[in-house]
1. So L18 ticks every box in (1) over 17 Å from M54 (Cβ atoms); (2) within 10 Å of the chain's Cα centre (by Cα); (3) buried (at least 22 other Cβ atoms within 10 Å of the Cβ) but one. Which box is left unticked?
2. Specify the residue that is nearest to P22 (Cα to Cα); the eligible residues are those in the range 120-149 that are at pLDDT 85 or above and surrounded by 15 or more Cβ atoms within 10 Å (Cβ to Cβ).
3. Only one residue in L112, L117, L75, L98 is part of a helix (DSSP H, G or I), surrounded by 15 or more Cβ atoms within 10 Å (Cβ to Cβ) and at pLDDT below 75. Which one?
4. For L83, which of the numbered conditions (1) out of contact with any Phe, Trp or Tyr (no Cβ under 6 Å at 6 or more places or on another chain); (2) at pLDDT below 80; (3) under 27 Å from W145 (Cβ atoms) fails to hold?
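The values are calculated or read from the model by the stated rules, or taken from the named source; none is laboratory data. In this text, all values refer to a predicted model and were calculated from it rather than measured experimentally. Glycine gets a Cβ as well: all are built from the backbone with ideal geometry, and neighbour counts include every protein chain shown.
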Amino acid sequence: MALHTWLLFLVAVIGLSLTPGPNGLLALTHGALYGHRKASWTVFGGVLGFALLMALSMFGLAALLKASADALLVLKWIGGAYLIWLGIQLWRAPALHLTVAGQGAQKPAAALFRQGLLAALSNPKVILFFGAFLPQFLDPARSLWQQFAVMALTFALVEGLVEYLLARMAQRIRPWLERSGRGFNRGCGGLFALMGAALPLSR
């Protein structure tokens with residue numbers, strides 16, 4: 001993967017990780033209930049789930065690109081349209097309201113890990129998203145699996161760090177999201193729409 005492509009991917013992944021989603025909400029909730037150390041298991045489970053879904057998406061993309069040389073261009077435009085649609089949906093989404101009533105009963109680390117893993121794997125939209133997102137950065141002239149390894153590692157590190165920070169600062173972030181969440185959603189939605197419009201045009 002070329003350096004400029006990776007830097008573009010890194011910026012996009014940071015924006016993606018900051019976007020409200022089920023795993024971010026789960027990390028925030030577990031951070032408020034159990035503390036950031038226990039919630040680290042939730043984060044680890046979610047990151048592993050995302051990596052598995054990325055592998056599934058990449059496996060399908062690799063098979064498709066072998067069948068058709070023009071498939072990547074088609075995927076870029078379809079994916080761009082899907083990202084724009086997601087941006088519009090996020091723009092219209094209401095602010096996040098999270099109520100945490102006191103300290104929850106302690107759960108074992110395995111249970112928190114399982115919840116994070118299942119929260120990622122049980123969301124079919126994630127596979128669709130990766131199917132739209134990853135082709136924007138693929139170079140068919142290079143090894144797809146080397147590119148996947150770089151993208152998966154980058155995504156895992158950024159997503160894991162963001163979710164851990166959410167868990168660590170849960171008590172401070174929660175009131176801010178409830179107060180300013182609508183504007184935050186619109187900012188993230190605008191970022192998605194911008195990526196959807198710009199990435200298919202990139203070379």
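1. It is condition (3) that L18 fails.
2. F148
3. That would be L75, the only listed residue that is part of a helix (DSSP H, G or I), surrounded by 15 or more Cβ atoms within 10 Å (Cβ to Cβ) and at pLDDT below 75.
4. (1)
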